[in-house]
Number of protein chains: 2
Amino acid sequence: MTASPQERPRVAPVPPVSENGAVTVPSFELPFSSFASLEARSAFTARLRATVQMLAAGAAVADIATLRRMADTGLKPALDAYTTRYPYTSTKSKIGNVPVETFVPTAGIVPGNEKRVLIAIHGGGFDKGGGGVGGAVEAVPIAGIARVKVVAVDYRLLPEHTMQDAVDDVLTVYRDVLRTYEPKNVGMYGCSAGGAITAWAVTACMRGELPIPGAIGIFCASLHGFVGGDSAQLWPRLGSAIRMLAPADGNLPRNPLDPTAEEMQRFPKALFLTGTRAFDMSGAVQSHLALRTFGVDSQLLLFDGMDHGFLVFESGVPETRQAHELIARFFAERR
Amino acid sequence: MTASPQERPRVAPVPPVSENGAVTVPSFELPFSSFASLEARSAFTARLRATVQMLAAGAAVADIATLRRMADTGLKPALDAYTTRYPYTSTKSKIGNVPVETFVPTAGIVPGNEKRVLIAIHGGGFDKGGGGVGGAVEAVPIAGIARVKVVAVDYRLLPEHTMQDAVDDVLTVYRDVLRTYEPKNVGMYGCSAGGAITAWAVTACMRGELPIPGAIGIFCASLHGFVGGDSAQLWPRLGSAIRMLAPADGNLPRNPLDPTAEEMQRFPKALFLTGTRAFDMSGAVQSHLALRTFGVDSQLLLFDGMDHGFLVFESGVPETRQAHELIARFFAERR
C-alpha cells in the first residue's frame with residue numbers, strides 16, 4: 001500500500017517486538033473514531049470523565065446492593081428516553097417462579113408478528129440490572145421498532161445464585177412461550193451478560209432436548225465468555241468503560257455452559273453486534289467466524305468507535321438507533 | 001461487567017481524555033492475540049523484524065522499478081506454496097490491450113461451475129504487483145479450492161497511469177467475460193488496492209450501464225479507500241506492517257470513483273474480509289454496516305490478530321487457508 005502520490009504520509013515507527021509476539025507500544029494520542037458521530041464522541045468523553053469521578057467516589061469497592069442501585073440509576077435516563085421514543089404498555093407476572101415483564105408497543109403489533117415473540121435477557125455483569133429498569137431498557141426499543149411482543153426475564157443473579165440458575169430461569173420462560181409460539185418464531189437476545197446467557201440458553205436447549213429458538217442476537221458478548229483476543233487486551237487500556245484486563249495469554253477456564261464445537265454447528269441464525277472499542281469485540285469476531293466456518297447463518301455488525309453496551313446506555317447517539325433498527329430487522333426477516 | 005467472583009481482576013487506569021475525545025494512551029505491552037494461531041504469531045514477529053531490516057536497507061526510498069521487483073520477490077514464496085498446494089494450468093493472453101492470465105485448477109472445474117468465472121484484481125498499492133506473481137498469488141488458491149476458472153487482470157499501474165485506467169482495464173475484461181457468462185455468474189474480488197478497484201469497477205458498471213457482477217469480494221479494503229476510523233490510527237502504531245498514518249481527523253478528499261449512497265444501495269452480494277490488526281478494518285466494518293443498513297446482502301469476516309494482506313502473504317498460517325476456504329464458499333453459494 002502507498003498513499004496517493006501527491007501527499008507525503010506520516011509514518012509510525014516500528015515498535016519493538018519480542019519472540020512471543022508481544023509489542024512494546026509507545027505512548028501516543030488516539031483521536032476519536034472519524035467514522036463515529038459527534039454525539040458518540042461527546043458521550044465517550046463524558047463517560048470517561050464520569051468514570052474518573054465514580055472511582056474517586058469509591059464505586060469500585062461498593063457492596064452489591066449499592067452497585068445494583070447505582071446500575072438502575074445509571075440506566076434510568078436511557079429508559080426514559082426510550083419510553084418517550086417508543087411508547088409501550090407492559091405487564092409484570094411470574095412464569096413458575098421467574099418474574100417477567102411483557103412489553104407491547106402502543107402502536108400495536110405489526111401484522112405478521114402476532115405469531116412471533118422475542119425473549120429479552122438483560123445485561124449487568126450477571127449480578128446487576130434485574131427487575132424493572134434493566135429489563136425494560138433493552139426490551140422497549142426493540143418492541144417499539146419491530147412492533148412485536150417482548151418478554152423480559154428477571155433471572156436470578158450472582159452472587160446469591162449461579163449462572164446455571166440464570167439459564168434455568170430463561171428456559172422456564174422459553175418452555176412457557178413454546179406453549180403458544182412455534183420455536184422458529186421465537187427470538188432470543190441479550191447484551192453483555194445477557195448475550196452470554198443467550199448462547200448458554202441455546203446450548204441448554206440442545207442438552208435438554210428442547211427445540212432451539214429460530215434466531216438469536218448476541219450483543220457485546222460472544223459464545224465463550226467475553227475475554228480473549230486483541231480487543232480484551234487493548235481497549236481496557238485505550239479508554240473503554242470496562243477496564244478489567246484478561247490474563248495476557250488469554251487462557252481462562254472453559255465454562256461448562258459454553259457450547260462445544262459440535263453444538264455450535266447446530267446453532268440457529270445468529271446476529272453478533274458490538275462496537276470496535278468494546279473489549280468483547282474479538283470474542284464476537286471469533287464466534288461469528290467459527291459459526292460461519294461451520295456453515296451457520298451468522299451475521300456480524302460492528303460500530304466503529306463504540307464501546308461495550310453502547311446500544312443500552314447511549315440513548316442519545318445515532319449509532320444506537322441504527323443498531324436497534326438493524327436488530328429489529330434481523331428478527332423480522334423470514335426464517 | 002464483572003469477572004467471575006473467584007478472581008480479583010487487574011484493572012487498567014483510566015487514560016486522560018481531551019474535550020475532542022482524544023485519549024492519551026500510556027505506553028504498554030500488547031501480547032499477540034490469544035485467538036490467533038502460533039504460526040500467525042511467529043509470522044507476525046518475523047515480519048515486524050524484517051520490516052526493521054528493510055527500512056535499514058533503505059526500501060522506503062527506493063525507485064518504483066526496484067519496489068516492483070521487491071514486491072514480486074516478496075510474494076514468490078507464497079506463490080510457490082500455493083502452487084504446490086493447488087496445482088493449476090494457466091494461459092496468458094490479451095483482451096483488447098489488457099494482459100490477463102487465466103487459471104484453471106488441475107483437478108478440474110467442479111460440475112456447476114462451468115457457467116461461473118471469477119475476475120481477480122491484484123493488490124500492491126496501485127503501483128506494484130502486476131503481471132505474473134501478483135495476479136497468480138491471489139488467483140491460484142481460490143481457483144484451486146473453489147474449482148472454478150479465475151481470470152487475473154494485469155491492470156495499468158500508478159504512477160505511469162491513473163486509478164481510472166485500472167478500472168477501465170477491469171471493465172474491458174469484464175465486458176469480454178460477459179460475452180460468455182451471465183452477469184450473475186461472474187464474481188469479482190481483490191485484496192488491498194484490488195479490493196478498492198473491485199468497488200470502483202462495480203460503481204463504474206452502474207455509471208456505464210453495464211449489468212453488475214453477481215458477487216464481489218473486498219479483502220483488506222473498503223468501499224471508500226482505506227483510511228479512516230479507529231483502525232487507521234491505531235494499528236500503524238501497534239505493529240501493523242502498514243505504518244502510514246491518516247490525518248487525525250480522518251478527513252481525506254473524496255475519490256470520485258467511490259460509490260455514492262444511492263449507488264451503494266444497488267451493490268451486489270458482497271463479502272468483506274480482513275484482520276483485526278489491519279489499518280483497513282474500520283473501513284471494512286463501516287462499508288459493511290452501510291450496505292447492511294441499505295439492505296444489501298453483505299457479509300463481514302474478521303480474523304483476530306491478522307494484519308493487512310495476510311491472506312496473500314502468509315501462506316503458512318491456518319488463518320489464510322480458512323480465509324481462502326470461506327471466500328471460495330462465498331462465491332459457490334447460489335445467487
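The values are calculated or read from the model by the stated rules, or taken from the named source; none is laboratory data. Model, not experiment: these values are computed from the prediction. Note: ideal-geometry Cβ built from the backbone for every residue, glycine included; neighbour counts use all protein chains shown.
General observations
The rows are residues; the columns are (1) of a type in the set (Val, Ile, Thr); (2) modelled with pLDDT of 95 or more; (3) out of contact with any His (no Cβ under 9 Å at 6 or more places or on another chain).
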residue: A:Val100; (1), (2), (3): yes, yes, yes
residue: A:Gly129; (1), (2), (3): no, no, no
residue: A:Leu157; (1), (2), (3): no, yes, yes
residue: A:Thr172; (1), (2), (3): yes, yes, yes
residue: A:Arg179; (1), (2), (3): no, yes, yes
residue: A:Met188; (1), (2), (3): no, yes, yes
residue: A:Gly195; (1), (2), (3): no, yes, yes
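- Number of the exception - A:Ala36 against (1) closer than 30 Å to A:Lys184 by Cβ; (2) at pLDDT 95 or above; (3) among the small types (Gly, Ala, Ser): (1)
- Hits in region A:242-278 - residues which are closer than 20 Å to B:Ser231 by Cβ and at pLDDT 95 or above: A:Phe272, A:Leu273, A:Thr274, A:Gly275, A:Thr276, A:Arg277, A:Ala278
For every residue, the table says whether it meets (1) surrounded by fewer than 19 Cβ atoms within 10 Å (Cβ to Cβ); (2) within 10 Å of chain B (Cβ to nearest Cβ).
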site	(1), (2)
A:Glu39	yes, no
A:Ser42	yes, yes
A:Leu48	no, yes
A:Ala57	yes, no
A:Ala62	yes, no
A:Ala65	yes, no
A:Arg69	yes, no
A:Leu75	no, no
A:Ala78	no, no
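- Total residues in region A:48-68, condition in contact with a strand residue (DSSP E or B) (Cβ under 9 Å, 6 or more places away or on another chain) and in contact (Cβ under 8 Å) with a residue 24 or more places away in the chain: 1
- Sole residue being without any contact (Cβ under 8 Å) to a residue 60 or more places away in the chain and either closer than 18 Å to A:Ala71 by Cα or aromatic (Phe, Trp, Tyr) (or both), chosen from A:Ala107, A:Ala166, A:Ala143, A:Ala139: A:Ala139
- Residue tally, condition more than 20 Å from B:Ile95 (Cβ to Cβ) and among the β-branched types (Val, Ile, Thr), over region B:143-165: 1
- Here the condition is being without any contact (Cβ under 8 Å) to a residue 24 or more places away in the chain and charged (D, E, K, R); of A:Glu209, A:Glu314, it holds for A:Glu209 alone.
- Enumeration of residues in region B:198-221 that are crowded, with 21+ Cβ neighbours inside 10 Å and in contact with a strand residue (DSSP E or B) (Cβ under 8 Å, 6 or more places away or on another chain): B:Thr198, B:Ala199, B:Ala201, B:Val202, B:Pro213, B:Ala215, B:Ile216, B:Gly217, B:Ile218, B:Phe219, B:Cys220, B:Ala221
- Scanning region A:69-91 for residues that are at pLDDT below 95 and in contact with a strand residue (DSSP E or B) (Cβ under 8 Å, 6 or more places away or on another chain) yields a total of 0.
- Matching helices (runs of 4 or more DSSP H) fully within region A:222-330 where at least 3 residues are buried (at least 20 other Cβ atoms within 10 Å of the Cβ) and at the interface with another protein chain (Cβ under 10 Å from one of its Cβ atoms): A:229-238, A:281-293
- Within region A:1-10, considering residues that are over 36 Å from the mean Cα position of the chain (by Cα) and more than 14 Å from B:Pro159 (Cβ to Cβ), the one modelled with the lowest pLDDT: A:Arg8
- Checking A:Thr198 against (1) more than 12 Å from chain B (Cβ to nearest Cβ); (2) touching a Lys or Arg at 6+ places or on another chain (Cβ under 9 Å); (3) among the polar types (S, T, N, Q), the condition it does not meet: (2)
- Every condition in (1) closer than 26 Å to A:Ala215 by Cβ; (2) within 14 Å of chain B (Cβ to nearest Cβ); (3) of a type in the set (D, E, K, R) is met by A:Asp127 except one, and the failing one is (1).
- Checked against the criterion of being more than 21 Å from B:Ala193 (Cβ to Cβ) and within 23 Å of the chain's Cα centre (by Cα), the candidates B:Ser27, B:Ser18, B:Ser37, B:Ser93 yield just one match: B:Ser37.
- Checklist (1) out of contact with any Asp or Glu (no Cβ under 8 Å at 6 or more places or on another chain); (2) more than 26 Å from A:Pro141 (Cα to Cα) applied to A:Leu273, failing item: (2)
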